[in-house]
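Presented below is the structure to which this report refers.
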Amino acid sequence: MAGGLHFQAGLPGDSPFETHHAAAFNDTSMGKKKFYTVWRGHETGVFSSWKTCQKAIEGYQGAIYKGFPTEEQAWEAFEGNYADYIGRDKRQQSRLSAEQLRAIGKPILDSISVDAACNSVTGKMEYQGVDTMSGARLFRMGPFAGGSNNIGEFLALVHALAWCKKHGIHRPIYSDSHTAITWVNNKKTRTKVAAGSHNQELFELIRRAEQWLQKNQWDTPILKWETEAWGEIPADFGRK
């Protein structure tokens, strides 16, 4: 999994992102410990850390697992049907018809999900990428001053692309931002946020991200997360 994400900027295949804003991956990042339910793996049950969960699933074809905020919820899920817990937030009910849901289908669980959050009052923005199935965090960056959700979503997608390329991983990447996906495909942002001294660091990161897109090739699928069908994207910060 990801460590400090310390790659030199600008070299082919390397990440344009520095480490001083990155949260090192661990089970208690931002004070939110998780418990991991494994329905299919070398071992099954509930694991109290991502490290022990990873040992139970790594190299097991068709492993099924998911992270939960409490041990009680994790055991409840383990004793239930995994299909009731994988793929969408149970708290949300879709407004789509059964026919529409069938047409959309299910998300690809062996994937990465990214999301951003921006405080409308302070303008502070941050973003992160997680394992779609388990919710385990792969990287987190921020907060940055003078940003926007679209900028954060764009940077998260580029970060995920660079992360996959660096680690030789080929997994689809989900974002719920059509705008950010378009920017990545065009290799250029079209933000209306004005650059200034207060967000100079952020715009330097945008510049490096655009440069990475222009200098690198990738075949990693970037997919739209269908929130109406599947609930909030697993990388969601939960601040709505």
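Contact annotation: residue pairs with Cβ atoms under 6 Å, 6 or more positions apart or on different chains, pairing a residue in the range 64-83 that is more than 14 Å from SER134 (Cβ to Cβ) with a partner that is among the hydrophobic types (A, V, I, L, M, F, W, C) and open to solvent by less than 80 Å² (accessible area, probe 1.4 Å), are GLU71/PHE35; TRP75/VAL46.
For the range 2-90, the strands (runs of 3 or more DSSP E) that sit wholly inside it and include 1 or more residues that are modelled with pLDDT of 75 or more and under 29 Å from LEU161 (Cβ atoms) are 35-40, 64-68.
Scanning the range 205-240 for residues that are out of contact with any Lys or Arg (no Cβ under 8 Å at 6 or more places or on another chain), assigned to a helix (DSSP H, G or I) and open to solvent by 70 Å² or more (accessible area, probe 1.4 Å) turns up ARG207, LYS215.
The values are calculated or read from the model by the stated rules, or taken from the named source; none is laboratory data. A quick note: this is a predicted structure, and the numbers were derived from the prediction, not measured. Note that each Cβ is placed from the backbone with ideal geometry, even for glycine, and that neighbours are counted across all protein chains shown. Remember, those area values only see protein heavy atoms, side chains included, never the ligands or the DNA or RNA. Shrake-Rupley method; radii C 1.70, N 1.55, O 1.52, S 1.80 Å.
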